Every structure is written in structure tokens, then in C-alpha cells.
Amino acid sequence: MRRLLAVSIAALSLSACQTVQNQAGAPTTYQDPATLGAVKGVGIESQDIVSMTDQMMRDMLTEPRLANAATAPNVIVDSEYFINESASRINRNSITDRLRVSLQRASQGRMNFVARHNANMVAAERELKRKGVTDQGKNALAAAQRGGDYRLGGRITSLDARDPKTGMMSRYTQIIFEMTDLETADIVWSGIYEFSKAAADDIIYR
């Protein structure tokens, strides 16, 4: 009886560890984010983010005040002042983060990038060092966090149209990028990315 019970428990344990194959589901496939994917609608998608950030990065590097100044300027690139007023649901960080990373790689020291989005993290560590809770680390203590010379701003807008007879929907999307002087409010560089898409039915963006 005890042997039968042990065999039964072992059989149940083995069955619980087995992987169940979801035969009804579609297998996962990798897609190139720079190309049109299998799921597509009229909103901002991965290929748009890749294309626009690459275009803005190349254009920004042609602006002498940003990329060819005698002293490398301190630049802030984040989503704080990058506003979405469009009908598309989009995480603005996916645009500004990719732009910042691409710019930092391509500029090769011609611009200094200030992590204003990490200001609280830096402030907390600075306080620990100055209170003697930690040692001073390897970098020399700075009088203050670095101030920005230029900061990215921008706006996403859109215009929708739908044919009530066919259900066909179209959306024109316009994305403006601006680099602003943080002392004079001069716009030292601006760029625009725009596109129009049409589809019979829109998809759900998350």
C-alpha cells in the first residue's frame, strides 16, 4: 500500500513538471524594429521611432552650436518637455531615450549629456558623501550638479479622418523637436518628422 502511494505521488509530481505546449497559439517571432511589423495601425510604431530618431540625430550633429562648439555644450535630452497632444498612445521616453543614446554615441565628446532625469539619484549620493556616510569615491567632488546649456523640447500632434461608409481611417502625425538655449530661450535647432497612415481598422496600442 505504501509503495503504491509513493508511486502515485511520484507520477503526480512528474506530470506537474511537464511543459504544456499551447498548440492553438501562434509561435513568437522576432521582427526588425526598423521595418513594418506584422501588427500595424495608424499610430506611432517602432519603425517610426527608429526612423525619426536616426534622422533627428544626424540633423542635430550638423548644427555648429551643438556639435562643433569650441567648448562642448551641456545638453539635456529627456521627455520632460516633450509633449504628446496626438491621438496616438505612445511612451515619450521611447523616443527621447533612443535619441539621447544615439546622439551620445555619434557625438564622440562634442556634446556633454546631463542626466536631469537622474538628478534625485545624484543628489542622494552627493549627500551621503558629504555627510561621511560613504567615502568620496574616485571622482573629485563637484561644487554642484552640472547645469544645462540646451534642452530638448517638442510636441506630437495628429489629425484623424474616417470614412463612415467604408470604415477606412487615416491619421496624419507631426512630431516637432526643438533644442532651446536655457539662458536666452533661443531655439538653436529644430527638426520635424511627419507621416500619414491609412487602415481599414485601427489596432490597440499599449
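The values are calculated or read from the model by the stated rules, or taken from the named source; none is laboratory data. Everything numeric here is computed off the predicted structure, so don't read it as measured data. Quick reminder, even Gly has a Cβ in these numbers, built from the backbone with ideal geometry, and neighbours come from all protein chains shown. We work out accessible area using only protein heavy atoms, side chains counted, and drop any ligands, DNA or RNA first. Shrake-Rupley method; radii C 1.70, N 1.55, O 1.52, S 1.80 Å.
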- Could you tell me the accessible area of TYR81 in Å² (1.4 Å probe, neighbours in place), rounded to the nearest ten? 130
- How much net charge surrounds LEU182 when only other residues with a Cβ under 11 Å from its Cβ are counted (Lys, Arg +1; Asp, Glu -1)? -2
- With every protein chain left in place, what is the accessible area of ARG65 in Å² (1.4 Å probe, nearest 10)? 120
